[in-house]
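Novice: What follows is a single structure, and I will ask about it in a moment.
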């Protein structure tokens, strides 16, 4: 469905995930983060950019992958995106919600 | 935010077969990933999963497990459990499932509280030094019930 996020018309699924990454920009990400109760900092953006690179490289995202990433550890991930870090961070990043159970 | 009404999951793990240990770990991790609190209480044989010397040597049960599709007599032959375990671990590795020690690290870093059962620790003559560093403490079952301190708490026996 089409919706207006940060003054931009974007297509999202029923959970609010962007379906077309080309419609993503930082303002859109910032607004999604705000709705999740998160104020973005430079560190948040570093993680978001890393997630976007992983998805572009066709790598599956998982919590184990975070542990091995060398970018951040699991504790920091939960601290940056409390309340379900992988699903919230991917939503902000404009990439699909990971389907893995781990 | 999540629509789930479950706010906290308390798991009691009483068995040390791989399939039971992973069931508890995957559900606890899955809870945290959905923003749900999770704690695991290791009791009886479940304690093997947090004993430094034993946790990476857990086996799948080949006897008394009809879903293995191995006749019970064959399942009891020497080496069968090790073979079945090796095969299962290979499949789990393909799905990027971490081994027990790494999974415990992930759980602890994710905020899952890990508790040992006092009665079982005493019964097996274990000491805190036998158990993993990430353990949050040794509790009685009464203490563990008190961890169910909010609405939407569920307790599951595995």
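Novice: What FRET efficiency do you get for residue B:146 and residue B:6 if R0 is 22 Å and r is their Cβ-Cβ distance, rounded to the nearest 0.05?
Specialist: On the way: r = 19 Å, r/R0 = 0.85.
So, using R0 = 22 Å, E works out to roughly 0.70.
Novice: Let me ask something additional. If you take each beta carbon of peptide B:88-98 and count the beta carbons of other chains within 10 angstrom, what is the mean? Spell out each step's value before the answer.
Specialist: Details: counts 0, 0, 0, 0, 1, 0, 0, 4, 7, 5, 6.
Mean shielding count: 2.
Novice: While we're looking at this one, here's another question. Among rounded, prolate and oblate, which fits chain B when a ≥ b ≥ c are the square roots of the eigenvalues of its C-alpha gyration tensor, a/c under 1.5 means rounded, and a/b larger than b/c means prolate? Walk me through the numbers before you get to the answer.
Specialist: Numbers: a/c = 1.86, a/b = 1.42, b/c = 1.31.
Prolate, because a/c is 1.5 or more and a/b exceeds b/c.
Novice: Provide B:108, A:22 in ascending order of the number of other Cβ atoms located within 10 Å of each residue's Cβ, fewest first.
Specialist: A:22, B:108
Novice: Given springs between every Cα pair under 10 Å in a Gaussian network model of chain B, which of B:70, B:12, B:106 has the largest fluctuation?
Specialist: B:70
Novice: Only bridges with both residues in the protein assembly as shown count here: give the DSSP antiparallel percent, nearest 5.
Specialist: Details: 6 of 24 bridges.
So the antiparallel bridges in the protein assembly as shown amount to around 25 percent.
Novice: Also: Where does the protein assembly as shown land at 222 nm, in deg cm²/dmol rounded to the nearest 500, when only DSSP H runs of n ≥ 4 count, each adding -39500 (n - 2.57), divided by all residues? The partial results should precede the final answer.
Specialist: Details: 11 runs with 104 residues, N = 260.
About -11500 deg cm²/dmol.
Novice: Once you keep just the Cα pairs under 8 angstrom separated by 6 or more residues, what percentage relative contact order results for chain A?
Specialist: Details: 111 pairs, mean separation 31.7, N = 102.
Rounded, it is 31 percent for chain A.
Novice: For chain B, what does the relative contact order come out to in percent, with C-alpha contacts under 8 Å and a separation of six or more? Write down the numbers at each step before the final one.
Specialist: Values: 231 pairs, mean separation 54.9, N = 158.
For chain B, the relative contact order is 35 percent.
Novice: Taking the number of other C-beta atoms within 10 Å as the exposure measure, put A:27, B:39, A:14, A:76 in order starting with the fewest. Don't jump to the answer; show the numbers that get you there.
Specialist: Numbers: A:27 12, B:39 24, A:14 6, A:76 15.
Final ranking by Cβ density, sparse to dense: A:14, A:27, A:76, B:39.
Novice: Now a separate question. For chain B, set up a Gaussian network in which alpha carbons nearer than 10 Å are linked by springs, and say which option among B:73, B:27, B:87 fluctuates the most.
Specialist: Looking only at B:73, B:27, B:87, the biggest GNM fluctuation is shown by B:73.
Novice: Compute the angle between helix A:26-35 and the longest alpha-carbon principal axis of chain A, please, reported from 0 to 90 degrees and rounded to the nearest 10.
Specialist: Orientation of helix A:26-35: about 80 degrees from the principal axis.
Novice: Additional query: Enter the mean number of other protein chain beta carbons within 10 Å of the beta carbon of each residue in B:60-69, as an integer. Write out the running numbers ahead of the final one.
Specialist: Working: counts 0, 0, 0, 0, 0, 0, 0, 0, 0, 0.
The per-residue average across the peptide is 0.
Novice: With springs only between Cα atoms under 10 Å apart, run a GNM on chain A and tell me which of A:15, A:53, A:30 wobbles the most.
Specialist: So, out of A:15, A:53, A:30, the one fluctuating most is A:15.
Novice: When B:117, A:101 are ordered from fewest to most other Cβ atoms inside 10 Å of their Cβ, what list results?
Specialist: The most exposed by this proxy come first: A:101, B:117.
Novice: Would you work out if the protein assembly as shown is rounded, prolate or oblate? Take a ≥ b ≥ c from the square roots of the eigenvalues of the alpha-carbon gyration tensor; rounded if a/c is under 1.5, else prolate when a/b is larger than b/c, oblate otherwise.
Specialist: Details: a/c = 2.38, a/b = 1.76, b/c = 1.36.
In terms of gyration-tensor shape, prolate.
Novice: Could you give the nm distance between label points at residue A:73 and residue B:80, where each point is 7 Å from its Cα heading toward the beta carbon?
Specialist: 4.4 nm
Novice: Where both residues lie in chain B, what percent of DSSP beta bridges are antiparallel, nearest 5?
Specialist: 5 percent
Novice: While we're here: Which length gain, in nm to one decimal place, applies between residue B:156 and residue B:88 when the Cα-Cα distance is subtracted from 0.36 nm times their residue separation?
Specialist: Working: separation 68, 0.36 × 68 = 24.48 nm, distance 2.46 nm.
Full extension from residue B:156 to residue B:88 adds 22.0 nm.
All of the numbers you see were taken from the coordinates with simple rules; none came from a lab. Since we're looking at a predicted model, the values are computed, not measured. When we count neighbours, we look across all protein chains shown, and the Cβ atoms used for this are built from the backbone with ideal geometry, even at glycine.
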